Amino acid sequence: MKKWLMLLLTVLFAFTLAACTATDSSGDGDSDETETESEDNSSETNEEASGDDVTTLNLNNGQNPTSLDPPKGFDSASWNVLNNLMEGLTRLGKEHTPEAATAEDWKVSEDGTVYTFMIRDNAKWSNGDDVTAGDFVYAWKRLLDPETASPAAFLGYFIKGGEAFNKGEGSKEDVMVEAVSEKELKVTLEAPTGYFTHVISNPAFFPINESVATENPEWFAEADTFVGNGPFNLAEYNKDKDMLLKKNENYWDAETVTLDQVHFAMVDDTNTEYQLFESGDLDVSEIPSEMSEELINSDAVSITEQAGTYFYRFNVTEEPFQNEKIRKAFALAVDQQEIVEFVTKNKEQPAYGFVSYGFQDPSGNDFREQNGNMLETDPEKAKQLLEEGMKEEGYDELPEVTLTYNTSESHKAIAEALQQKFKTVLDVEIGLENTEWNVFLQDQKDLKHQLSRSSFLADYGDPINFLESFTSDSVMNRTGWSNDQYDQLIADAKAESNNEKRWELMYEAEKVLFEEMPIFPVHFYNHVFLNKDNVSDIIRHPVGYLELKWASKE
């Protein structure tokens, strides 16, 4: 069993046991993309500019965060920043398991459905206000409010009344999140959820200072109005260029934070990022794919696991991908092993299913290994399926196909490899189109793409998080695909209290997904970074977010 997952399951088992015995669960023990270019990414925020006594960690965030409003910034570019400016009731620790954070303690009811969190007396906002249970009630109900239109709202469906409110079928008052007192929060769940403390470490569940947000609904948009409760404060925010975070002296655990500042550049080109690393302007860098063979085994490289999948979405509402056989033909033409060996070259594992490695069922079997390969490269079968699909649709010639990706050299390289493979295997010429991230994402949501790249990074530590993305009403679906059987399997899995039965339902759901193939996976993610020798303890969780609370720079 992988170390991070063993630790995660150990902690989650402890939480489940707490639910059965109604004892205290202190926790004191151990959800995509980066694209925006900046011409001037230097900033007078390094040690030389700020003084020798100031320790500044220089990182690249790749692109401007989608939003620093917790329920709206639902991607890695936002999470990297938000997770260090704010904090939820729990926080993932060094060993990737949920720890007590803004909540110093919690209790779970005997049936596992009621959580009562005790918020620290010294939990403060960066403006000096107390963090209260009311701030969490306000934030979580806002997450679920349909007017917020949060892409992360589905994470709140664990809460009793949450889904009904979000879908316009219930009221805000029916959402079972209650401030028992100023420092005590009570949450009632729809069903026992042993991984709930992991779910609420997600930035979507961060509190919001209600008085600040009421006075200024755009509090999160500028550095001088931003109010957080995490290890760092937002000191400067130059959109599409850079941002500066400074240590938050009001943070309850400020003595643990050793960095004075964190400077984030926003460079969407890996080659430029690497040049900045080489020149000393960045302390961390990804590896340009063309330099992977040269650098991948360097002593400066760290490679860690990450629960997530790089994949492509078919738009099943547009020709020719309304046809299942044509979708499967394209999927079976892809050679995942070839892509990770010769294109990405970062030691990723090829993906032949959607749920990544690292999740183990009650019998100790890894989900990915137990459910097997959902598809495999098969050029001859791909040709046959294309011919059959075209015949079913009455095509003498396949309608024009455009593959769309958001601007990035690495995405471009994979897209070009697929373009060549479709030509070689299927004798199909496809066009390539790249667009800026925000435009790309909105068009994907609006089903304006035929075939488009995507990534999924797990929001919490359970396979259901991967699979719930493709239910008919999920904002994460973005394929136009709908299957009643699949929807029911996911709903049943979420309601199932017997863990063995729950996993069987998840295994079956993934099989249904690949029977109709609205997507095809390419590879599973990992974290591969070059680090300066004087930098340590930057935590990148397999399921979770960039963590700088413990980072140091000598």
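The values are calculated or read from the model by the stated rules, or taken from the named source; none is laboratory data. What you see is a predicted model, and the numbers here were worked out from it, not measured in a lab. Glycine also receives a Cβ, built like all others from the backbone with ideal geometry; neighbour counts cover every protein chain displayed. With ligands, DNA and RNA removed, areas are computed over all heavy atoms of the protein, side chains included. Shrake-Rupley method; radii C 1.70, N 1.55, O 1.52, S 1.80 Å.
List of remarks:
- Filter result for residue 329 (open to solvent by less than 60 Å² (accessible area, probe 1.4 Å) and in contact with a Pro (Cβ under 9 Å, 6 or more places away or on another chain)): no
- Of all the residues in the stretch 473-490, those that are open to solvent by 50 Å² or more (accessible area, probe 1.4 Å) and either under 23 Å from residue 372 (Cα atoms) or among the aromatic types (Phe, Trp, Tyr) (or both) number 2.
- Residue, farthest from residue 290 (Cα to Cα), within the stretch 341-356, restricted to residues that are open to solvent by 10 Å² or more (accessible area, probe 1.4 Å) and under 23 Å from the mean Cα position of the chain (by Cα): 352
- Taken over the stretch 276-299, the criterion of being loosely packed, with under 15 Cβ neighbours inside 10 Å and under 14 Å from residue 536 (Cα atoms) is satisfied by 299 alone.
- Only residues that are under 18 Å from residue 517 (Cα atoms) and at pLDDT below 95 were counted in the stretch 427-463, giving 2.
- Residues that are surrounded by fewer than 19 Cβ atoms within 10 Å (Cβ to Cβ) and touching a helix residue (DSSP H, G or I) at 6+ places or on another chain (Cβ under 8 Å) within the stretch 365-374 comprise just one, 370.
- Scanning the stretch 164-191 for residues that are part of a helix (DSSP H, G or I) and either at pLDDT below 95 or crowded, with 20+ Cβ neighbours inside 10 Å (or both) gives 165, 166.
- Selection within the stretch 491-532 - open to solvent by 20 Å² or more (accessible area, probe 1.4 Å), within 22 Å of the chain's Cα centre (by Cα) and of a type in the set (Gly, Ala, Ser): 491
- Top-ranked residue in the stretch 540-554 [being modelled with pLDDT of 95 or more and buried (at least 17 other Cβ atoms within 10 Å of the Cβ); ranked as farthest from residue 385 (Cα to Cα)]: 553
- Restricting attention to the stretch 204-263, the residues that are out of contact with any helix residue (DSSP H, G or I) (no Cβ under 8 Å at 6 or more places or on another chain), more than 15 Å from residue 65 (Cα to Cα) and small (Gly, Ala, Ser) add up to 3.
- In the stretch 52-103, counting only strands (runs of 3 or more DSSP E) that sit wholly within it, the ones holding 1 or more residues that are over 22 Å from residue 132 (Cα atoms), open to solvent by less than 10 Å² (accessible area, probe 1.4 Å) and touching a strand residue (DSSP E or B) at 6+ places or on another chain (Cβ under 7 Å) span 56-60.
Rundown of residues vs (1) of a type in the set (A, V, I, L, M, F, W, C); (2) at negative phi, yes/no style:
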{"residue": "103", "(1), (2)": "yes, yes"}
{"residue": "109", "(1), (2)": "no, yes"}
{"residue": "112", "(1), (2)": "no, no"}
{"residue": "115", "(1), (2)": "no, yes"}
{"residue": "119", "(1), (2)": "yes, yes"}
{"residue": "124", "(1), (2)": "no, yes"}
{"residue": "127", "(1), (2)": "no, yes"}
{"residue": "133", "(1), (2)": "yes, yes"}
{"residue": "138", "(1), (2)": "no, yes"}
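- Residues located in the stretch 469-487, provided they are modelled with pLDDT of 95 or more and more than 20 Å from residue 411 (Cβ to Cβ): 470, 471, 472, 477, 480, 481, 482, 483, 484, 485, 486, 487
- The residues on offer are 344, 377, and the sole one that is modelled with pLDDT under 95 and hydroxyl-bearing (Ser, Thr, Tyr) is 344.
- Matching residues in the stretch 235-248 - criterion: being within 22 Å of the chain's Cα centre (by Cα) and of a type outside the set (D, E, K, R): 243, 245
- Filtered residues of the stretch 277-302 (kept if under 20 Å from residue 546 (Cα atoms) and not aromatic (Phe, Trp, Tyr)): 281, 282, 283, 284, 285, 286, 287, 300, 301, 302
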